[in-house]
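**Student:** Below you will find the structure I want to go over with you.
The values are calculated or read from the model by the stated rules, or taken from the named source; none is laboratory data. As the structure is a prediction and not an experimental result, all values here were calculated from the model. Reconstructed Cβ throughout: ideal geometry from the backbone, glycine too, with neighbour counts over all protein chains shown. Surface areas here come from the heavy atoms of the whole protein model, side chains and all, with no ligands, DNA or RNA. Shrake-Rupley method; radii C 1.70, N 1.55, O 1.52, S 1.80 Å.
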Amino acid sequence: MKTRIHPALIAFSVFTFVFLIGPLIIIIGTAVSDTTFLTFPPQGFSMRWFANIFEVSAFPRTMVTSFTLAVLATTLSLMVGVPAAYALARFRIELPKFLANVFVLPILVPEIVLGFSLLKSVATGVGASIWTSLLIGHALLVLPYCVRVVGASLNSFDFSVEEAAVSLGCPRWKAFFVVVLPNIRAGVIAAFILAFITSINDVSVSIFLTGPGISTLPIQLLAHMEQFFDPTIAAVSVLLMGVTVAVMTVVEWTLGLTFLTK
Amino acid sequence: MTVSLTLAHVSAHYGSTQVLEDLSLDVGEGELVSLLGASGCGKTTTLRLVAGFLRPTAGTISLGARNITGVAAHARNIGLVFQTYALFPHLSVLDNVAFGLRQRGMGTAERHGKAHEMIERVGLTGLADRYPSNLSGGQRQRVALARALVIEPPLLMFDEPLSNLDAKLRVDMRVEIRRMQRAAGTTALYVTHDQEEAFSISDRVAIMHRGRIMQLDAPEVLYSRPANAFVADFVGFGNMIPLEVAGEDDTRVIARMAGGATLSLPKADFSVPGRNFVLAARPEGLGVSQGGAGIPATLGLRTYLGRAYQYRCTTDVGEVIANGPLSDPLEPGSNVTLVPQPDQCCLLPAETA
């Protein structure tokens with residue numbers, strides 16, 4: 001039997017995809033344009049703007065900074081967030097209700113406020129180095145994702161499984177690693193990816209905390225665009241898209257994309 | 001190895017609420033004792049105290065001669081079977097069963113051998129490589145049982161192990177649990193809210209209410225000779241009729257009830273526990289008869305039970321429920337007398353009512 005699909009539904013779907021994918025295609029087109037300014041459709045074809053990424057030394061440098069920062073901040077955040085999520089789920093009845101909301105504050109507070117308050121407290125207040133400030137800022141920024149996503153996995157976890165392990169002779173701390181962690185693995189990986197992407201993309205917090213000699217890729221992109229309006233920016237964007245697609249492909253191969261939505 | 005379990009004067013609190021009050025309990029070697037009661041009676045708390053997941057605020061818990069009150073849960077060596085089965089979702093049946101052996105540092109070959117043997121014993125041959133999500137409820141509970149038994153614990157504990165299974169399977173599984181426990185000779189503590197389940201598999205049953213044991217006895221004793229009104233009501237003595245001794249001779253006691261009617265209780269059948277006492281009667285323990293000596297009653301609503309008719313009766317002591325024979329249905333409004341049948345009645349001291 002053929003299912004009839006309403007023409008309006010087809011039109012709506014096409015429309016949605018055009019808006020989702022269209023801008024990305026424009027970026028790709030812009031990046032290969034043989035002009036010194038951003039333009040679409042591309043005029044000529046050239047890969048020189050891709051090469052230029054590595055000639056402007058700030059781009060590779062800030063890429064390394066952003067990547068390192070994202071890995072470290074996400075790891076730090078998971079080290080705080082996983083135990084926090086565990087405690088919130090395990091002792092839901094005993095712990096005060098507002099505690100769960102405290103961990104979501106960094107996304108409820110406008111990011112720009114978070115950035116500014118970190119500048120006042122951590123950077124100029126305590127006098128922490130730029131690197132330390134950035135690390136703390138990003139870790140805070142991504143903490144809600146870690147707590148929430150890992151928490152969602154833990155909420156469907158039956159804690160008597162952990163007690164079963166203990167009754168079979170497994171000490172409590174070990175039971176967490178042997179029994180709890182393997183069963184919330186999907187949540188932890190999903191949290192890592194979400195947090196990583198959030199950190200890599202961040203502008204509002206980073207703009208307050210970056211300083212002389214240390215910048216992140218998005219901040220560098222902004223700075224570059226103010227000075228030169230050339231397709232290098234598009235080329236960097238295409239590169240980032242490529243990395244995202246690569247990560248998602250690996251995730252899809254190894255775990256299946258559906259686990260991100262679980 | 002089989003040992004006894006002893007709880008001596010154990011109390012427990014959740015915050016400011018006392019959940020267990022001065023509870024003492026002895027489970028003999030190889031014995032299966034059930035804790036039976038409604039939710040909130042403290043039966044699961046008792047089990048969790050023994051398991052080591054909770055700490056008592058007072059009292060001691062011992063396994064044999066060993067005081068385990070302060071011992072960490074993982075060092076107690078107690079086999080536990082949970083209501084939710086609590087299998088490790090990320091491990092196969094084999095690895096689930098072998099988990100406890102692995103924690104004890106047993107080598108791969110030996111623990112797999114033992115696990116396979118136990119999997120066979122609980123009737124799951126051929127399912128060793130399955131994961132819990134691919135098993136039925138009954139199969140999962142068998143895995144849970146195998147997992148608890150394979151570590152050869154001196155004590156096995158069950159926390160409502162059958163309440164997630166359907167009625168037919170429940171009966172089969174409880175027989176199986178009893179058989180396995182007997183065969184292993186392991187001392188066992190079994191928590192349930194299901195009276196039939198507790199009575200059918202236990203050597204002794206502790207009926208619990210508000211953090212106390214109301215009576216601890218063999219099922220037969222609980223059923224026929226409850227020690228107090230709570231237990232009497234719990235095991236089905238639905239009618240409680242307060243009485244006072246009015247006189248006696250060599251063969252019988254004359255007891256008077258509120259309203260002035262008297263009952264003649266043969267001494268051969270009834271032992272009167274004091275001057276004031278309570279006659280506890282099952283509905284089938286009050287024979288409905290027209291005329292004669294007994295409790296005067298007016299019949300109310302009649303319901304059909306299949307084996308008998310049941311009547312709501314109005315008496316001087318309130319509503320009483322009595323069963324009458326199928327051969328002789330009586331109309332509502334009839335005046336009758338209710339005659340206590342010794343085998344379906346018991347007498348309780350008034351102060352326990």
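**Student:** Among B:Gln310, B:Gln341, which is open to solvent by less than 70 Å² (accessible area, probe 1.4 Å) and at pLDDT 90 or above?
**Tutor:** B:Gln310
**Student:** So which residues in region B:45-58 are more than 13 Å from chain A (Cβ to nearest Cβ) and open to solvent by 30 Å² or more (accessible area, probe 1.4 Å)?
**Tutor:** B:Arg55, B:Thr57, B:Ala58
**Student:** Which of the residues belonging to region B:70-105 are closer than 24 Å to B:Thr187 by Cβ and surrounded by fewer than 17 Cβ atoms within 10 Å (Cβ to Cβ)?
**Tutor:** The answer is B:Gly70, B:Val71, B:Ala72, B:Ala75, B:Arg104.
**Student:** Okay, moving on. Can you tell me which residues in region A:149-192 are assigned to a loop (DSSP other than H, G, I, E, B) and either open to solvent by 10 Å² or more (accessible area, probe 1.4 Å) or out of contact with any helix residue (DSSP H, G or I) (no Cβ under 6 Å at 6 or more places or on another chain) (or both)?
**Tutor:** A:Ser156, A:Phe157, A:Asp158, A:Phe159, A:Gly169, A:Pro171
**Student:** Also: Filter region B:25-44 down to residues that are over 14 Å from the mean Cα position of the chain (by Cα) and either closer than 14 Å to B:Arg210 by Cα or without any contact (Cβ under 8 Å) to a residue 24 or more places away in the chain (or both) and give me whichever is nearest to the other protein chains (Cβ to nearest Cβ).
**Tutor:** B:Gly40
**Student:** Mind checking whether some residue in region B:121-131 is within 14 Å of chain A (Cβ to nearest Cβ), open to solvent by less than 70 Å² (accessible area, probe 1.4 Å) and touching a helix residue (DSSP H, G or I) at 6+ places or on another chain (Cβ under 9 Å)?
**Tutor:** No - not one qualifying residue is present in region B:121-131.
**Student:** While we're looking at this one, here's another question. With respect to A:Ile136, is the statement that it is modelled with pLDDT under 90 and away from chain B (no Cβ under 12 Å) true? Reasoning before the result, please.
**Tutor:** Details: modelled with pLDDT under 90: no; away from chain B (no Cβ under 12 Å): yes.
When the stated conditions are applied, A:Ile136 does not pass them.
**Student:** Can you pull out the strands (runs of 3 or more DSSP E) entirely within region B:238-319 that have at least 3 residues that are in contact with a helix residue (DSSP H, G or I) (Cβ under 8 Å, 6 or more places away or on another chain)?
**Tutor:** Counting at least 3 such residues, we get B:239-248, B:276-281.
**Student:** Which residue pairs have Cβ atoms closer than 6 Å, lie 6 or more positions apart in sequence or on different chains, and pair a first residue in region B:81-99 that is more than 12 Å from B:Val150 (Cα to Cα) and at the interface with chain A (Cβ under 7 Å from one of its Cβ atoms) with a second residue that is crowded, with 22+ Cβ neighbours inside 10 Å and small (Gly, Ala, Ser)?
**Tutor:** Close Cβ pairs (under 6 Å, with a partner that is crowded, with 22+ Cβ neighbours inside 10 Å and small (Gly, Ala, Ser)) amount to B:Ala86/A:Ala164.
**Student:** Further question: Mind listing whichever residues of region A:141-155 are among the aliphatic types (A, V, I, L, M) and over 9 Å from A:Gly81 (Cα atoms)?
**Tutor:** A:Leu141, A:Val142, A:Val149, A:Ala152, A:Leu154
**Student:** Sort out for me the helices (runs of 4 or more DSSP H) sitting completely within region B:18-122 that have 2 or more residues that are more than 30 Å from B:Tyr223 (Cα to Cα).
**Tutor:** B:93-103, B:108-121
**Student:** Among B:Leu162, B:Leu156, B:Leu169, B:Leu145, which is among the hydrophobic types (A, V, I, L, M, F, W, C), in contact with a strand residue (DSSP E or B) (Cβ under 7 Å, 6 or more places away or on another chain) and farther than 20 Å from B:His90 by Cα?
**Tutor:** B:Leu156 is the lone residue from the list that is among the hydrophobic types (A, V, I, L, M, F, W, C), in contact with a strand residue (DSSP E or B) (Cβ under 7 Å, 6 or more places away or on another chain) and farther than 20 Å from B:His90 by Cα.
**Student:** Looking for whichever is in the same structural domain as B:Thr46 (by TED's automatic domain parsing), closer than 30 Å to B:Ala58 by Cα and hydrophobic (A, V, I, L, M, F, W, C) here; the options are B:Ala115, B:Ala75, B:Ala128. Which one fits?
**Tutor:** B:Ala75
**Student:** Before we move on, is A:Pro212 open to solvent by less than 40 Å² (accessible area, probe 1.4 Å) and more than 14 Å from chain B (Cβ to nearest Cβ)?
**Tutor:** Answer is no for this residue.
**Student:** Give region A:148-163 a look and list any residue that's without any contact (Cβ under 8 Å) to a residue 12 or more places away in the chain and at the interface with chain B (Cβ under 10 Å from one of its Cβ atoms), or say none.
**Tutor:** Within region A:148-163, A:Asp158, A:Ser160, A:Glu163 qualify.
**Student:** Scan region B:224-238 and tell me whether some residue there is farther than 30 Å from B:Phe158 by Cα, outside the structural domain of B:Ser11 (by TED's automatic domain parsing) and open to solvent by less than 40 Å² (accessible area, probe 1.4 Å).
**Tutor:** no
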